Amino acid sequence: MAIDPDLVILTEKIDNPISGNGGPSKQPSVSLEIYQTDNVFFFGESFVGCAVSLLVNDVVVFSTEVNENGLVTIPETFIGTYELQLAVGDVIYWAMVEL
């Protein structure tokens, strides 16, 4: 029996949401959809080579790249809640994930 993957929504991380006119940015946040089955994440082939990191309290505890199949497999030794970050160029997307 196949396991249905869980949908994970990654949201653009905005460190300084101030627009050039000194007020808050009016640009909406961008989201990406990826899928998770246990410790495997499917990003899609358009993200091949992009950096993926797991963080705890803003400290990177694991990093890798999206492989040629659009997948990232996190070692099973990582258990618990982590911040997952995907770097696409100079833009960071993130979500809290449970492993």
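Within the stretch 31-43, count every residue that is under 10 Å from residue 72 (Cα atoms) and surrounded by 15 or more Cβ atoms within 10 Å (Cβ to Cβ). The qualifying residues number 5.
The residue of the stretch 47-97 that is farthest from residue 13 (Cα to Cα), among those that are charged (D, E, K, R) and surrounded by fewer than 10 Cβ atoms within 10 Å (Cβ to Cβ), is 76. Would you mention how many residues in the stretch 60-86 are outside any strand (DSSP E or B) and more than 19 Å from residue 5 (Cα to Cα)? Counting residues in the stretch 60-86 that are outside any strand (DSSP E or B) and more than 19 Å from residue 5 (Cα to Cα) gives 2. Among the residues making up the stretch 64-85, those that are under 9 Å from the mean Cα position of the chain (by Cα) and over 13 Å from residue 35 (Cα atoms) are 83, 85.
Of all residues being in a loop (DSSP other than H, G, I, E, B), more than 17 Å from residue 90 (Cβ to Cβ) and charged (D, E, K, R) in the stretch 1-59, which is modelled with the lowest pLDDT? Just the residue, please. Selected residue: 26.
The values are calculated or read from the model by the stated rules, or taken from the named source; none is laboratory data. All figures in this text were calculated on a predicted structure; none of them were measured in a lab. FYI the Cβ positions are ideal-geometry reconstructions off the backbone, even for glycines, and counts take in every protein chain you see.
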